[in-house]
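**Q** Shown below is the structure under consideration.
The values are calculated or read from the model by the stated rules, or taken from the named source; none is laboratory data. Model, not experiment: these values are computed from the prediction. All Cβ positions, glycine included, derive from the backbone under ideal geometry; neighbour counts span all protein chains shown.
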Amino acid sequence: MEMESGVLTEQRREIEEAKTLNSDLDLAFNLQMQEAMTASLSILNHPPSTFSPSSSSTPKNEEAKAEAEDFDCCSNFFLEDIERLDQERKDREESENLMREMREDLDRRMHDQKVASEIMNIPDEEWEEYGDDYEDPFENGERVSFFKVYSKGVESEERIRDMKVIVGGIGVAICDSKDNLIFEVSKGIDVGAEGSSSNKSCAGVSVELQALIEGLNAAFALDLKNLTFFVDHSMLYQYVTGAVQPQNGKISTLVNQVSLLQKKFADCKPSLVACSDVKFAFRFAKDAIVSQITWPAENSKGKRKLKETCVICYEDTDVDQIFSVDGCFHRYCFPCMKQHVEVKLLQGTMAKCPHEGCKSEVSIETCGEFLDPKLVEIMSQRKKEASIAVTEKVYCPYPRCSALMSKSEVLEYTNSSFVGGEKSGARKCVKCHFFFCINCRVPWHYNMTCYDYKRSKPHPRTEDKMLDSLAKRKLWRQCVMCKNMVELAEGCYHITCRCGYEFCYTCGAKWKNKKPTCSCPIWDERNIIRDGRRR
């Protein structure tokens, strides 16, 4: 590097000396011309001489000036090239210094983590006695850890105002052995030709391979020796392991680049993981895509804000009013997402990403950006209801609470503050913290058994009376296992509750081995549906 700098300096000095020499020659020539002009003027004062040195020397003067201008132009070009090369050299030195500092910082952080882990494993008694003498100084260049490289390449069809564009982004996350992020890459890539091709799978693999190559190059620049690179694309994994040979020429070239990069490391092996395990890299790739589909625009107050086009309503919206679905890179404006989620709630289902074919669930925690808090609470309740088995559901009997819990959840919470709760049936609500009876589903009856409590309060509560009255009027039947009400809309009297319990709808008797234990009729002609109407 020093030799290269010396050569550039020497070339610059020689060109400057050449320009100086050329300037001196011009000055001498001009002096001579002035002397000639003076002599010619004195001759003109003595006619009839016809000799005119000024006219004969003018072409030579112009020719010399042209040569001087050409020389100056060439020398300027040479100097510009030298300045460019010198700047490239400085940039390269700066980049190398930056990478060296990053490697040193990485080594230091690895050493600190190792020391912290060692200290945590030292017994307290030993640390109290010898802790003050503990030393493990950092030695520059030590490298003992194994690293993980996560890469993700994504492409998406987006809309920028009135244009549909294919954009791609790659993300790389380099982590230590405990998945602590130590280095990241987020950059956009050109996938215009590939993304519009008929073979979408090849285009997707190509983007994934570019992300992997970027990750391996970054790991090599950091001087990492031992690593595992993780991919969530099964076909890509088969390519890099050699299980399948790619037929596409470009993909084959990229796979060869990966193979060559692997040989630069002491230990470098691939691993196939689930999509959720590359969340760091996926987020960086998504950020790279978002950076390509936004543009600055002035609002009515003259302030500049980033704009993005919603692919549902095609409206240009402020970026801070765009919702990003967790688990994928699809983005939509708040009004469109609000309408989508509300419709799903009315249908009694959880909202998923509006993008066709995408199965990413809309995170309840992030819906507070565009939804009313009451709707967010409803979504949370429905998600919890869906996650708890029917036989495990427990509702707090206090009307002002009615919190939903699972039997195991409320038992664990009760045991943390109440002894003997499992045998007595007492449970403590996780929300209102009042005790209730898990058997009777009523507020806790202190110093009374369930039988004594029912005898002391033979009359049901007002709300229970209303429910019983409605059930009798509608001819509902209550499941003896989960206490849920069942309504027979059509079909036979053999009922299979959502908790799995089977019984007769007429009398409530249990069915065993798909057979009734009672003599009630199995069906009624009035409950048979024909031609879309009940007969």
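**Q** Quick one: count up the residues across region 311-353 that are closer than 21 Å to PHE284 by Cα, touching a helix residue (DSSP H, G or I) at 6+ places or on another chain (Cβ under 6 Å) and assigned to a loop (DSSP other than H, G, I, E, B).
**A** Matching residues across region 311-353 total 1.
**Q** Sticking with this structure for a sec: Could we say that GLU377 is in a helix (DSSP H, G or I), free of Cβ contacts under 8 Å to residues at least 12 places away in the same chain and under 27 Å from CYS440 (Cα atoms) here?
**A** Here the answer is no, as GLU377 does not meet what is asked.
**Q** Within region 421-429, is even one residue of a type outside the set (Gly, Ala, Ser), in contact with a helix residue (DSSP H, G or I) (Cβ under 7 Å, 6 or more places away or on another chain), at pLDDT below 85 and not assigned by TED's automatic domain parsing to the domain that holds GLN381?
**A** Checked against the condition, which is being of a type outside the set (Gly, Ala, Ser), in contact with a helix residue (DSSP H, G or I) (Cβ under 7 Å, 6 or more places away or on another chain), at pLDDT below 85 and not assigned by TED's automatic domain parsing to the domain that holds GLN381, region 421-429 yields at least one hit.
**Q** Further, regarding this structure: What residue, among those in region 140-176 that are surrounded by fewer than 16 Cβ atoms within 10 Å (Cβ to Cβ) and out of contact with any strand residue (DSSP E or B) (no Cβ under 7 Å at 6 or more places or on another chain), is modelled with the highest pLDDT?
**A** MET163
**Q** If you take the residues of region 141-187 that are part of a strand (DSSP E or B) and basic (Lys, Arg), which of them is nearest to SER291 (Cα to Cα)? Break it down into steps so the answer makes sense when it comes.
**A** In the first step, residues of region 141-187 are kept if they are part of a strand (DSSP E or B); the result is 147-160, 163-175, 181-187.
Cutting the leftovers down to basic (Lys, Arg) gives us 148, 152, 159, 164, 187.
Working: LYS148: 26, LYS152: 16, ARG159: 13, LYS164: 16, LYS187: 9 Å.
Filtering region 141-187 for residues that are part of a strand (DSSP E or B) and basic (Lys, Arg), the one nearest to SER291 (Cα to Cα) comes out as LYS187.
**Q** Follow-up. What residue, of VAL244, VAL255, VAL207, is assigned to a helix (DSSP H, G or I), within 28 Å of LYS359 (Cβ to Cβ) and among the β-branched types (Val, Ile, Thr)?
**A** On the way: VAL244 fails: assigned to a helix (DSSP H, G or I); VAL255 fails: within 28 Å of LYS359 (Cβ to Cβ).
Step by step, each of VAL244, VAL255, VAL207 is checked, and only VAL207 is assigned to a helix (DSSP H, G or I), within 28 Å of LYS359 (Cβ to Cβ) and among the β-branched types (Val, Ile, Thr).
**Q** Say we look at region 307-359 and pick out the residues that are charged (D, E, K, R) and under 22 Å from LYS384 (Cα atoms); which of these is surrounded by the fewest Cβ atoms within 10 Å (Cβ to Cβ)?
**A** Here is the first cut: in region 307-359, the ones charged (D, E, K, R) are 307-308, 315-316, 318, 320, 326, 331, 338, 342, 344, 352, 356, 359.
Okay, now just the ones that are also under 22 Å from LYS384 (Cα atoms), so 326, 338, 342, 344, 352, 359.
Working: ASP326: 13, LYS338: 18, GLU342: 14, LYS344: 17, LYS352: 17, LYS359: 9.
Step by step, filter region 307-359, then rank; the result is LYS359.
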